[in-house]
Amino acid sequence: MKPDLFEAPDYYNLDDLLTEEHKLIRDAARAWVKRDVSPIIEEAAQNAEFPKSIIPGLAEIGAFGPYIPEEYGGAGLDQISYGLIMQEIERGDSGVRSTASVQSSLVMYPIWKYGNEAQRKKYLPKLATGEWMGSFGLTEPDHGSNPGGMVTNFKDAGDHYVLNGAKLWISNSPFCDVAVVWAKNEEGRIHGLIVERGMEGFSTPETHNKWSLRASATGELIFQDVKVPKENLLPNKSGLGAPLGCLDSARYGIAWGAIGAAMDCYDTALRYAKERIQFGKPIGAFQLQQKKLAEMITEITKAQLLALRLGQLKNEDRASSAQISMAKRNNVEMAINIAREARQILGGMGITGEYSIMRHMMNLESVITYEGTHDIHLLITGFDITGLNAFK
(Lines give C-alpha, C1' and ligand atoms only; values in the text may rest on other atoms or scores of the structure.)
Protein backbone atom coordinates (compact mmCIF):
# COMPACT_ATOMS: atom_id res chain seq x y z
CA MET A 1 0.00 0.00 0.00
CA LYS A 2 1.35 3.40 -1.01
CA PRO A 3 1.62 5.95 1.83
CA ASP A 4 -1.33 8.36 2.04
CA LEU A 5 0.30 11.70 1.16
CA PHE A 6 -2.99 13.57 0.69
CA GLU A 7 -2.91 17.34 1.11
CA ALA A 8 -6.27 19.09 0.93
CA PRO A 9 -6.51 22.00 -1.52
CA ASP A 10 -7.82 25.30 -0.14
CA TYR A 11 -7.31 27.76 -2.96
CA TYR A 12 -9.61 30.45 -1.53
CA ASN A 13 -8.45 30.14 2.10
CA LEU A 14 -11.82 28.76 3.17
CA ASP A 15 -10.28 27.56 6.42
CA ASP A 16 -10.51 31.20 7.49
CA LEU A 17 -14.30 30.84 7.44
CA LEU A 18 -14.32 27.77 9.67
CA THR A 19 -14.29 27.79 13.45
CA GLU A 20 -11.48 26.17 15.39
CA GLU A 21 -13.93 23.40 16.34
CA HIS A 22 -14.73 22.79 12.67
CA LYS A 23 -11.04 22.40 11.86
CA LEU A 24 -10.39 20.10 14.82
CA ILE A 25 -13.29 17.86 13.83
CA ARG A 26 -12.21 17.76 10.18
CA ASP A 27 -8.57 17.13 11.01
CA ALA A 28 -9.49 14.28 13.37
CA ALA A 29 -11.55 12.66 10.61
CA ARG A 30 -8.73 13.23 8.10
CA ALA A 31 -6.17 11.62 10.38
CA TRP A 32 -8.45 8.64 10.99
CA VAL A 33 -8.95 8.11 7.24
CA LYS A 34 -5.20 8.21 6.65
CA ARG A 35 -4.55 5.75 9.46
CA ASP A 36 -7.48 3.31 9.30
CA VAL A 37 -9.08 3.57 5.84
CA SER A 38 -6.36 4.25 3.27
CA PRO A 39 -4.23 1.19 4.15
CA ILE A 40 -7.12 -1.27 3.70
CA ILE A 41 -9.59 0.26 1.28
CA GLU A 42 -8.04 -0.88 -2.01
CA GLU A 43 -8.01 -4.51 -0.89
CA ALA A 44 -11.55 -4.21 0.44
CA ALA A 45 -12.73 -2.82 -2.89
CA GLN A 46 -10.88 -5.49 -4.86
CA ASN A 47 -12.49 -8.17 -2.67
CA ALA A 48 -15.92 -6.49 -2.72
CA GLU A 49 -16.08 -6.54 1.08
CA PHE A 50 -17.18 -3.88 3.52
CA PRO A 51 -14.47 -3.58 6.20
CA LYS A 52 -16.58 -3.91 9.36
CA SER A 53 -13.49 -3.34 11.46
CA ILE A 54 -13.79 0.41 10.78
CA ILE A 55 -17.24 0.78 12.39
CA PRO A 56 -15.89 1.67 15.87
CA GLY A 57 -13.58 4.25 14.30
CA LEU A 58 -16.47 5.86 12.43
CA ALA A 59 -18.29 6.18 15.73
CA GLU A 60 -15.21 7.64 17.45
CA ILE A 61 -14.84 10.48 14.92
CA GLY A 62 -18.52 11.35 15.31
CA ALA A 63 -19.61 10.08 11.89
CA PHE A 64 -22.81 8.51 13.24
CA GLY A 65 -25.38 11.22 13.89
CA PRO A 66 -22.96 14.10 14.51
CA TYR A 67 -25.85 16.60 14.72
CA ILE A 68 -27.98 14.37 16.98
CA PRO A 69 -28.23 15.90 20.50
CA GLU A 70 -25.82 14.54 23.09
CA GLU A 71 -28.68 13.31 25.28
CA TYR A 72 -29.33 10.65 22.63
CA GLY A 73 -25.69 9.72 22.10
CA GLY A 74 -24.89 12.11 19.26
CA ALA A 75 -22.14 14.70 19.26
CA GLY A 76 -24.48 17.71 19.12
CA LEU A 77 -22.46 19.32 16.30
CA ASP A 78 -23.61 21.75 13.64
CA GLN A 79 -24.31 21.00 9.99
CA ILE A 80 -20.95 22.27 8.71
CA SER A 81 -19.21 19.81 11.04
CA TYR A 82 -21.37 17.03 9.60
CA GLY A 83 -20.42 18.09 6.07
CA LEU A 84 -16.71 18.23 6.85
CA ILE A 85 -16.79 14.72 8.35
CA MET A 86 -18.54 13.39 5.22
CA GLN A 87 -15.97 15.16 3.03
CA GLU A 88 -13.07 13.48 4.79
CA ILE A 89 -14.67 10.03 4.82
CA GLU A 90 -15.50 10.16 1.11
CA ARG A 91 -11.96 11.29 0.42
CA GLY A 92 -11.19 7.80 1.65
CA ASP A 93 -14.05 6.03 -0.11
CA SER A 94 -17.63 6.79 -1.18
CA GLY A 95 -18.81 3.42 0.11
CA VAL A 96 -17.56 4.15 3.61
CA ARG A 97 -19.25 7.55 3.47
CA SER A 98 -22.44 5.81 2.33
CA THR A 99 -22.40 3.69 5.47
CA ALA A 100 -22.07 6.79 7.64
CA SER A 101 -24.67 8.76 5.64
CA VAL A 102 -27.26 6.02 5.93
CA GLN A 103 -26.66 5.60 9.64
CA SER A 104 -26.84 9.36 10.30
CA SER A 105 -29.35 10.86 7.89
CA LEU A 106 -31.56 7.94 6.93
CA VAL A 107 -31.81 6.00 10.19
CA MET A 108 -30.92 8.23 13.15
CA TYR A 109 -32.45 11.38 11.64
CA PRO A 110 -35.99 9.97 11.16
CA ILE A 111 -35.98 8.34 14.59
CA TRP A 112 -34.88 11.66 16.11
CA LYS A 113 -37.26 13.85 14.09
CA TYR A 114 -40.26 11.59 13.55
CA GLY A 115 -39.99 9.19 16.48
CA ASN A 116 -41.20 9.45 20.06
CA GLU A 117 -39.07 9.72 23.16
CA ALA A 118 -39.12 5.99 23.87
CA GLN A 119 -37.88 5.24 20.34
CA ARG A 120 -35.15 7.88 20.58
CA LYS A 121 -33.85 6.50 23.84
CA LYS A 122 -34.02 2.88 22.70
CA TYR A 123 -32.30 3.20 19.33
CA LEU A 124 -30.22 6.37 19.00
CA PRO A 125 -27.51 5.71 21.62
CA LYS A 126 -26.72 2.28 20.19
CA LEU A 127 -26.74 3.61 16.63
CA ALA A 128 -24.40 6.45 17.65
CA THR A 129 -21.77 4.01 18.96
CA GLY A 130 -22.14 1.62 16.03
CA GLU A 131 -23.29 -1.18 18.35
CA TRP A 132 -26.35 -1.24 16.11
CA MET A 133 -26.15 -0.50 12.40
CA GLY A 134 -29.13 0.64 10.39
CA SER A 135 -30.50 0.73 6.86
CA PHE A 136 -33.20 2.74 5.09
CA GLY A 137 -35.89 1.10 3.01
CA LEU A 138 -37.48 3.36 0.39
CA THR A 139 -36.40 2.28 -3.12
CA GLU A 140 -38.22 -0.74 -4.54
CA PRO A 141 -37.54 -2.96 -7.58
CA ASP A 142 -40.15 -1.07 -9.63
CA HIS A 143 -40.12 2.30 -7.85
CA GLY A 144 -36.94 4.37 -7.74
CA SER A 145 -37.43 7.99 -8.81
CA ASN A 146 -41.16 7.61 -8.09
CA PRO A 147 -41.13 6.41 -4.47
CA GLY A 148 -44.77 7.39 -4.01
CA GLY A 149 -45.67 4.41 -6.20
CA MET A 150 -44.32 1.95 -3.61
CA VAL A 151 -46.22 -1.28 -3.09
CA THR A 152 -44.68 -2.30 0.27
CA ASN A 153 -47.56 -2.17 2.73
CA PHE A 154 -48.67 -2.95 6.24
CA LYS A 155 -52.03 -3.94 7.71
CA ASP A 156 -53.40 -3.52 11.20
CA ALA A 157 -53.63 -6.91 12.94
CA GLY A 158 -54.79 -5.79 16.37
CA ASP A 159 -51.77 -5.57 18.65
CA HIS A 160 -49.26 -5.43 15.76
CA TYR A 161 -48.87 -4.63 12.06
CA VAL A 162 -48.22 -7.15 9.30
CA LEU A 163 -45.63 -5.87 6.80
CA ASN A 164 -45.19 -7.20 3.25
CA GLY A 165 -43.03 -6.07 0.35
CA ALA A 166 -39.43 -5.63 -0.76
CA LYS A 167 -36.81 -2.89 -1.00
CA LEU A 168 -33.80 -2.86 -3.34
CA TRP A 169 -30.37 -1.15 -3.49
CA ILE A 170 -30.20 -0.79 0.27
CA SER A 171 -26.81 0.20 1.76
CA ASN A 172 -25.91 -1.65 4.98
CA SER A 173 -28.81 -4.09 4.58
CA PRO A 174 -26.77 -7.33 4.75
CA PHE A 175 -25.56 -6.56 8.28
CA CYS A 176 -28.12 -4.05 9.60
CA ASP A 177 -29.62 -4.54 13.05
CA VAL A 178 -32.53 -2.20 12.39
CA ALA A 179 -34.18 -0.83 9.25
CA VAL A 180 -36.33 2.28 8.90
CA VAL A 181 -38.84 1.08 6.33
CA TRP A 182 -41.37 3.18 4.44
CA ALA A 183 -44.65 1.46 3.60
CA LYS A 184 -48.28 2.28 2.88
CA ASN A 185 -51.07 1.59 5.35
CA GLU A 186 -54.49 0.35 4.30
CA GLU A 187 -55.53 3.88 3.32
CA GLY A 188 -52.44 4.28 1.12
CA ARG A 189 -50.69 6.71 3.50
CA ILE A 190 -46.89 6.33 3.77
CA HIS A 191 -45.50 5.72 7.26
CA GLY A 192 -42.11 4.80 8.68
CA LEU A 193 -41.68 1.55 10.62
CA ILE A 194 -38.66 0.38 12.59
CA VAL A 195 -37.98 -3.25 11.68
CA GLU A 196 -35.49 -5.21 13.75
CA ARG A 197 -33.31 -8.11 12.65
CA GLY A 198 -34.70 -11.35 13.98
CA MET A 199 -38.33 -10.52 13.26
CA GLU A 200 -39.80 -13.56 11.54
CA GLY A 201 -40.16 -13.12 7.78
CA PHE A 202 -37.53 -10.34 7.55
CA SER A 203 -34.49 -11.14 5.39
CA THR A 204 -31.64 -9.11 3.88
CA PRO A 205 -29.97 -10.86 0.91
CA GLU A 206 -26.79 -9.20 -0.36
CA THR A 207 -26.38 -7.77 -3.87
CA HIS A 208 -23.27 -9.05 -5.66
CA ASN A 209 -21.40 -8.36 -8.92
CA LYS A 210 -21.21 -4.58 -8.45
CA TRP A 211 -18.57 -2.57 -10.31
CA SER A 212 -19.24 0.41 -8.03
CA LEU A 213 -19.22 0.93 -4.25
CA ARG A 214 -17.45 -2.39 -3.94
CA ALA A 215 -16.32 -1.66 -0.39
CA SER A 216 -19.93 -1.02 0.66
CA ALA A 217 -22.45 -3.71 1.56
CA THR A 218 -25.59 -3.43 -0.58
CA GLY A 219 -28.64 -5.65 -0.51
CA GLU A 220 -32.38 -6.03 -0.28
CA LEU A 221 -34.94 -5.86 2.50
CA ILE A 222 -37.63 -8.51 2.11
CA PHE A 223 -40.76 -8.66 4.26
CA GLN A 224 -43.00 -11.70 4.26
CA ASP A 225 -45.81 -11.28 6.79
CA VAL A 226 -43.44 -9.60 9.24
CA LYS A 227 -45.13 -8.82 12.57
CA VAL A 228 -44.05 -5.33 13.58
CA PRO A 229 -45.04 -4.08 17.07
CA LYS A 230 -47.24 -1.00 16.95
CA GLU A 231 -44.77 0.90 19.11
CA ASN A 232 -42.30 0.64 16.17
CA LEU A 233 -44.30 3.03 13.98
CA LEU A 234 -42.76 6.52 13.73
CA PRO A 235 -45.64 8.67 14.99
CA ASN A 236 -44.67 12.28 14.32
CA LYS A 237 -44.70 12.51 10.51
CA SER A 238 -46.27 10.58 7.65
CA GLY A 239 -46.70 10.97 3.91
CA LEU A 240 -44.00 11.09 1.23
CA GLY A 241 -42.55 14.24 2.79
CA ALA A 242 -41.26 12.16 5.70
CA PRO A 243 -38.72 10.03 3.78
CA LEU A 244 -37.92 12.97 1.50
CA GLY A 245 -36.94 14.98 4.58
CA CYS A 246 -34.42 12.25 5.40
CA LEU A 247 -33.11 12.37 1.85
CA ASP A 248 -32.57 16.12 2.15
CA SER A 249 -30.19 15.49 5.04
CA ALA A 250 -28.41 12.70 3.18
CA ARG A 251 -28.12 14.69 -0.05
CA TYR A 252 -26.59 17.55 1.90
CA GLY A 253 -23.93 15.16 3.22
CA ILE A 254 -23.27 13.91 -0.31
CA ALA A 255 -22.72 17.49 -1.54
CA TRP A 256 -19.81 17.69 0.91
CA GLY A 257 -18.67 14.09 0.46
CA ALA A 258 -18.23 14.40 -3.30
CA ILE A 259 -15.78 17.24 -2.70
CA GLY A 260 -13.61 14.80 -0.76
CA ALA A 261 -13.51 12.34 -3.65
CA ALA A 262 -12.66 15.18 -6.05
CA MET A 263 -9.93 16.47 -3.75
CA ASP A 264 -8.31 13.06 -3.61
CA CYS A 265 -8.33 12.68 -7.39
CA TYR A 266 -6.96 16.19 -7.89
CA ASP A 267 -4.24 15.77 -5.27
CA THR A 268 -3.17 12.46 -6.80
CA ALA A 269 -3.10 13.88 -10.32
CA LEU A 270 -1.21 17.02 -9.26
CA ARG A 271 1.49 15.02 -7.48
CA TYR A 272 1.81 12.60 -10.40
CA ALA A 273 2.03 15.46 -12.93
CA LYS A 274 4.96 16.93 -11.04
CA GLU A 275 6.81 13.61 -10.83
CA ARG A 276 6.12 11.88 -14.15
CA ILE A 277 8.82 12.74 -16.70
CA GLN A 278 8.13 12.62 -20.45
CA PHE A 279 10.09 14.34 -23.24
CA GLY A 280 12.64 15.40 -20.64
CA LYS A 281 10.35 17.28 -18.25
CA PRO A 282 7.44 16.70 -15.84
CA ILE A 283 4.13 16.28 -17.66
CA GLY A 284 2.78 19.07 -15.42
CA ALA A 285 4.87 21.47 -17.50
CA PHE A 286 2.72 20.82 -20.58
CA GLN A 287 -0.15 23.17 -21.33
CA LEU A 288 -2.89 20.55 -21.65
CA GLN A 289 -2.06 19.00 -18.28
CA GLN A 290 -2.00 22.43 -16.63
CA LYS A 291 -5.39 23.15 -18.21
CA LYS A 292 -6.83 20.00 -16.64
CA LEU A 293 -5.37 20.75 -13.22
CA ALA A 294 -6.39 24.42 -13.28
CA GLU A 295 -9.97 23.49 -14.17
CA MET A 296 -10.02 20.88 -11.40
CA ILE A 297 -9.01 23.28 -8.65
CA THR A 298 -11.44 25.89 -9.97
CA GLU A 299 -14.36 23.47 -9.87
CA ILE A 300 -13.39 22.16 -6.42
CA THR A 301 -13.23 25.71 -5.09
CA LYS A 302 -16.68 26.54 -6.50
CA ALA A 303 -18.08 23.37 -4.94
CA GLN A 304 -16.51 24.21 -1.58
CA LEU A 305 -18.16 27.62 -1.60
CA LEU A 306 -21.52 26.10 -2.55
CA ALA A 307 -21.34 23.53 0.23
CA LEU A 308 -20.18 26.00 2.86
CA ARG A 309 -23.00 28.43 2.12
CA LEU A 310 -25.50 25.58 2.13
CA GLY A 311 -24.15 24.51 5.51
CA GLN A 312 -24.71 28.01 6.85
CA LEU A 313 -28.29 27.93 5.59
CA LYS A 314 -28.77 24.48 7.13
CA ASN A 315 -27.52 25.77 10.47
CA GLU A 316 -30.14 28.52 10.27
CA ASP A 317 -32.83 26.01 9.17
CA ARG A 318 -33.24 27.99 5.95
CA ALA A 319 -31.92 25.54 3.33
CA SER A 320 -34.61 24.48 0.89
CA SER A 321 -34.90 21.05 -0.69
CA ALA A 322 -34.21 22.63 -4.08
CA GLN A 323 -31.02 24.28 -2.83
CA ILE A 324 -29.84 20.93 -1.47
CA SER A 325 -30.63 19.26 -4.81
CA MET A 326 -28.57 21.86 -6.67
CA ALA A 327 -25.54 21.27 -4.47
CA LYS A 328 -25.80 17.48 -4.65
CA ARG A 329 -26.13 17.51 -8.43
CA ASN A 330 -23.40 20.07 -9.07
CA ASN A 331 -20.83 18.67 -6.69
CA VAL A 332 -21.20 15.03 -7.75
CA GLU A 333 -20.96 15.98 -11.42
CA MET A 334 -17.88 18.05 -10.57
CA ALA A 335 -16.30 15.10 -8.79
CA ILE A 336 -16.98 12.54 -11.50
CA ASN A 337 -15.58 14.86 -14.18
CA ILE A 338 -12.44 15.44 -12.13
CA ALA A 339 -12.03 11.69 -11.58
CA ARG A 340 -12.17 11.12 -15.34
CA GLU A 341 -9.68 13.90 -16.12
CA ALA A 342 -7.36 12.81 -13.33
CA ARG A 343 -7.37 9.28 -14.70
CA GLN A 344 -6.18 10.62 -18.05
CA ILE A 345 -3.31 12.51 -16.41
CA LEU A 346 -2.13 9.22 -14.90
CA GLY A 347 -2.47 7.41 -18.20
CA GLY A 348 -2.43 3.64 -17.85
CA MET A 349 -1.45 3.84 -14.19
CA GLY A 350 -4.79 5.51 -13.55
CA ILE A 351 -6.72 2.28 -14.00
CA THR A 352 -4.72 0.36 -11.39
CA GLY A 353 -5.40 -0.14 -7.71
CA GLU A 354 -2.05 1.45 -6.94
CA TYR A 355 -3.90 4.76 -7.14
CA SER A 356 -7.37 5.67 -5.87
CA ILE A 357 -8.71 7.41 -8.97
CA MET A 358 -10.42 4.53 -10.79
CA ARG A 359 -12.07 3.39 -7.54
CA HIS A 360 -13.41 6.91 -6.97
CA MET A 361 -14.61 7.07 -10.57
CA MET A 362 -16.55 3.82 -10.28
CA ASN A 363 -17.98 4.81 -6.90
CA LEU A 364 -19.18 8.16 -8.19
CA GLU A 365 -21.18 6.41 -10.90
CA SER A 366 -23.42 5.24 -8.04
CA VAL A 367 -23.32 8.51 -6.13
CA ILE A 368 -24.52 10.42 -9.21
CA THR A 369 -27.59 8.15 -9.30
CA TYR A 370 -28.56 7.43 -5.70
CA GLU A 371 -30.43 9.81 -3.39
CA GLY A 372 -32.07 11.26 -6.50
CA THR A 373 -30.68 10.79 -9.99
CA HIS A 374 -28.74 13.49 -11.81
CA ASP A 375 -31.72 14.22 -14.07
CA ILE A 376 -34.25 14.29 -11.23
CA HIS A 377 -32.22 16.92 -9.37
CA LEU A 378 -32.12 19.01 -12.53
CA LEU A 379 -35.92 18.86 -12.73
CA ILE A 380 -36.23 19.78 -9.05
CA THR A 381 -34.30 22.96 -9.80
CA GLY A 382 -36.37 23.54 -12.94
CA PHE A 383 -39.61 23.16 -11.01
CA ASP A 384 -38.36 25.52 -8.32
CA ILE A 385 -37.42 28.33 -10.69
CA THR A 386 -40.38 28.03 -13.12
CA GLY A 387 -43.16 26.77 -10.90
CA LEU A 388 -43.99 24.30 -13.69
CA ASN A 389 -44.00 20.59 -12.83
CA ALA A 390 -42.10 18.48 -15.40
CA PHE A 391 -42.60 15.27 -13.42
CA LYS A 392 -46.17 14.72 -14.64
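Listed values, structure above:
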read-out	value
Pairs of Cα atoms farther than 33 Å apart, the chain, %	29 percent
Residue with peak Gaussian network fluctuation, the chain [Cα springs, cutoff 10 Å], from Gly284, Gly134, Gly260	Gly284
Chymotrypsin sites (Phe, Trp or Tyr not before Pro) within segment 15-74: DSSP coil, no more than 11 neighbouring Cβ in 10 Å	none
Solvent exposure ordering (accessible area, 1.4 Å, most first) of Val226, Val162	Val162, Val226
Axial C-alpha extent at least 24 Å, average Kyte-Doolittle at least -0.5 - helices from the chain (DSSP)	241-275, 287-315, 321-345
Per-residue SASA entry for Asp156, accessible area with 1.4 Å probe, Å² rounded to 10	80 Å²
Exposure of Asp15 as accessible area (Å², to 10), given a probe of 1.4 Å and all protein chains	50 Å²
DSSP loop GluC sites (Glu not before Pro) with at most 16 other Cβ within 10 Å excluded, longest remaining stretch of the chain	201-315
Apportionment of accessible area to carbon and sulfur, segment 267-392, percent (1.4 Å)	55 percent
DSSP bridge orientation in the chain - percent antiparallel, rounded to nearest 5	85 percent
In order through segment 139-144: 3J(HN,Hα) via Karplus (6.51 cos²θ - 1.76 cosθ + 1.60), integer Hz, x for Gly, Pro	5, 10, x, 10, 9, x
Principal axis dimensions, largest first and in whole angstrom, of segment 263-339 by Cα	55, 17, 16
Separation between Cα centres of segment 236-307 and segment 319-357, rounded to whole Å	5 Å
Selection from Thr352, Ile324, Gln312 lying farthest towards where the dipole of segment 274-353 points positive, charges on Cβ	Thr352
Heavy-atom accessible area per residue - segment 36-93, 1.4 Å, Å²	34 Å²
Lys, Arg +1 and Asp, Glu -1 on Cβ, resulting dipole of the chain about Cα centre, debye, nearest 20	660 debye
Candidates Ala217, Ala294, Ala128: whichever shows maximal mean-square fluctuation once the chain is modelled as a Gaussian network with Cα springs under 10 Å	Ala294
Exposure of Thr207 as accessible area (Å², to 10), given a probe of 1.4 Å and all protein chains	30 Å²
Accessible area expressed per residue, segment 160-302, with surrounding protein chains retained (probe 1.4 Å, Å²)	42 Å²
Relative contact order %, the chain, counting alpha carbon pairs below 8 Å whose residues are six or more apart	18 percent
Backbone N under 17 Å from the Arg318 label point (7 Å along Cα→Cβ), restricted to segment 76-94	79-80
Amide H partners (placed H, <5 Å) of Met150, local residues excluded	none
About the Cα centre, charge dipole magnitude for segment 1-93 (Lys/Arg +1, Asp/Glu -1 at Cβ), debye	240 debye
Full-stretch length increase - Asn337, Glu21 - with 0.36 nm per residue and alpha-carbon distance subtracted	110.6 nm
Candidates Ala319, Ala262, Ala63, ranked by Gaussian network fluctuation over the chain, Cα under 10 Å, top entry	Ala319
Surface share of carbon and sulfur [accessible, 1.4 angstrom probe, percent] for segment 1-128	49 percent
Fully extended contour minus Cα-Cα distance, from Glu186 to Thr207, at 0.36 nm per residue	4.5 nm
Positive-pole candidate from Gly382, Gly158, Gly188, dipole of the chain, charges at beta carbon	Gly382
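The values are calculated or read from the model by the stated rules, or taken from the named source; none is laboratory data. The model shown is predicted, which means the values in this text are computed figures rather than measured ones. Glycine gets a Cβ as well: all are built from the backbone with ideal geometry, and neighbour counts include every protein chain shown. Accessible surface areas use protein heavy atoms only, side chains included; no ligands, DNA or RNA. Shrake-Rupley method; radii C 1.70, N 1.55, O 1.52, S 1.80 Å.
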